[in-house]
Amino acid sequence: QVHPVESGGGLVQPGGSLRLSCAASGSICNILAMGWYRQAPGKQRELVATSTSGDSTHYASSVKGRFTISSDNAKNTVSLQMNSLKPEDTAVYYCNAHYSSTVGSYTQQLDAWGQGTQVTVSS
């Protein structure tokens, strides 16, 4: 079992900045990627940014140029620096760990989610 735990979040004015952090604990097997997703009220959960174990990053077009994801593969941590925040960035942000688990000769890829942290952008 892998357990991501988020920290950060809160209330910020438009144009402001916030930093989210996440640490994965538990039976760390082989984390392939860590990232951030968000879910606004009445909307589906969407990808914000991901970072693979090979340090390849991917961003949603809506946050590209404003958000920066960084990870430490040795420590199984990932952070999201959010700048120039907009009201439409308001959502619950979830940390995701995508990992592989092998039992005997069977290997599967699984996802673990944090409990979520609220980010509110409002004046």
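Residues that are at pLDDT below 95, within 11 Å of the chain's Cα centre (by Cα) and of a type in the set (Gly, Ala, Ser): does segment 73-88 have at least one? Break it down into steps so the answer makes sense when it comes.
Here is the first cut: in segment 73-88, the ones at pLDDT below 95 are 73-77.
From the residues that got through so far, the ones that are within 11 Å of the chain's Cα centre (by Cα) too are 77.
Applying the additional criterion that residues be of a type in the set (Gly, Ala, Ser) yields none.
The answer is no; no qualifying residue exists.
Just to be sure, is Thr90 β-branched (Val, Ile, Thr) and buried (at least 17 other Cβ atoms within 10 Å of the Cβ)?
yes
Being touching a residue at least 40 places away in the same chain (Cβ under 8 Å) and in contact with a Phe, Trp or Tyr (Cβ under 8 Å, 6 or more places away or on another chain) is the filter here, so list the residues in segment 66-96 that pass it.
If the condition is that a residue be touching a residue at least 40 places away in the same chain (Cβ under 8 Å) and in contact with a Phe, Trp or Tyr (Cβ under 8 Å, 6 or more places away or on another chain), then Val78, Leu80, Gln81, Met82, Asn83, Tyr93, Tyr94, Cys95, Asn96 are the ones that fit.
Within segment 1-65, which strands (runs of 3 or more DSSP E) (wholly inside it) include 1 or more residues that are more than 12 Å from the chain's Cα centre (by Cα) and in contact (Cβ under 8 Å) with a residue 40 or more places away in the chain?
The qualifying strands (runs of 3 or more DSSP E) are 2-8, 10-12, 18-26, 30-39.
Give the residues of segment 95-107 that are more than 14 Å from Ala60 (Cβ to Cβ) and open to solvent by less than 70 Å² (accessible area, probe 1.4 Å), sorted by residue number.
Answer for segment 95-107, where residues must be more than 14 Å from Ala60 (Cβ to Cβ) and open to solvent by less than 70 Å² (accessible area, probe 1.4 Å): Cys95, Ala97, His98, Tyr99, Ser100, Ser101.
For residues that are within 18 Å of Cys95 (Cβ to Cβ) and out of contact with any Leu (no Cβ under 9 Å at 6 or more places or on another chain), tally how many sit in segment 33-54.
Narrowing segment 33-54 to residues within 18 Å of Cys95 (Cβ to Cβ): 33-40, 44-53.
Add one more test, that the residue is out of contact with any Leu (no Cβ under 9 Å at 6 or more places or on another chain), and what stays is 33-34, 39-40, 44-47, 50-51.
So the answer is 10.
Would you confirm whether or not segment 66-73 contains a residue that is open to solvent by 40 Å² or more (accessible area, probe 1.4 Å), β-branched (Val, Ile, Thr) and part of a strand (DSSP E or B)?
yes
The values are calculated or read from the model by the stated rules, or taken from the named source; none is laboratory data. Here the structure is a predicted model, which is why all the values come from computation and not from measurement. Cβ: placed from backbone, ideal geometry, glycine included. Neighbour counts: every protein chain shown. Note: accessible area is taken over every heavy atom of the protein model, side chains too, but ligands, DNA and RNA are not part of it. Shrake-Rupley method; radii C 1.70, N 1.55, O 1.52, S 1.80 Å.
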